[in-house]
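K.L.:
Encoded as structure tokens, here's the structure I'll be asking about.
The values are calculated or read from the model by the stated rules, or taken from the named source; none is laboratory data. Predicted, not measured: the structure shown is a model, and the values here were computed from it. Heads up, the Cβs are rebuilt from the backbone with ideal geometry, glycines too, and the neighbour counts pull from every protein chain shown.
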């Protein structure tokens, strides 16, 4: 029996993170959802108002025998701009798109802080990513799950996610991620 672990990350639109983390061997499931807010069982419409305090996140279930926590965190810094304090890209602005690492153990907290320090040493701008304990993960509505794979032709997917995934696939193939 495999002992899976999970990590909850926010780095802009959860559709982008969902598609990105599905590229990694050892990741068994990615679930879009919400974390960090003060409203129980929030809806997408409520989170979209930026009044619930929730961030769009993904819960990444992974097999630690096939991929390490450190590798997942290293990849996190590459799939979004951690120096942005107001969201990501041109369209994804607001508190729901903030860069966050939600930890479920002291091991995760230490690994996240170490990873952030290593990444900060490579950047000229300060990292805005906050690291905090996960209080509750709320799965997003079913239509948000695996969104890019189901709707690659939609405007946002074609313009934002597809080029990002293409670049990540190339980097992974060349061993640069």
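K.L.:
Just the residues that are farther than 24 Å from residue 131 by Cβ and either touching a strand residue (DSSP E or B) at 6+ places or on another chain (Cβ under 7 Å) or in a loop (DSSP other than H, G, I, E, B) (or both), please, taken from the range 35-47.
P.N.:
41, 43
K.L.:
Counting only residues that are within 14 Å of the chain's Cα centre (by Cα) and under 13 Å from residue 129 (Cα atoms), which one in the range 85-94 is surrounded by the most Cβ atoms within 10 Å (Cβ to Cβ)?
P.N.:
So, considering only residues that are within 14 Å of the chain's Cα centre (by Cα) and under 13 Å from residue 129 (Cα atoms), the one surrounded by the most Cβ atoms within 10 Å (Cβ to Cβ) is 88.
K.L.:
Filter the range 57-94 for residues that are assigned to a helix (DSSP H, G or I), touching a strand residue (DSSP E or B) at 6+ places or on another chain (Cβ under 7 Å) and closer than 13 Å to residue 17 by Cα; which is modelled with the lowest pLDDT?
P.N.:
79
K.L.:
Right, another one. Pick from 18, 50: which is at pLDDT below 95 and either touching a helix residue (DSSP H, G or I) at 6+ places or on another chain (Cβ under 8 Å) or not in a loop (DSSP other than H, G, I, E, B) (or both)?
P.N.:
Matching residue, one of 18, 50: 50.
K.L.:
Of everything in the range 119-148 that's in contact (Cβ under 8 Å) with a residue 24 or more places away in the chain and surrounded by fewer than 13 Cβ atoms within 10 Å (Cβ to Cβ), which residue is farthest from residue 47 (Cα to Cα)?
P.N.:
123
K.L.:
Of everything in the range 31-42, what is in contact (Cβ under 8 Å) with a residue 24 or more places away in the chain and surrounded by 14 or more Cβ atoms within 10 Å (Cβ to Cβ)? Give them in sequence order.
P.N.:
31, 32, 33, 34, 35, 36, 42
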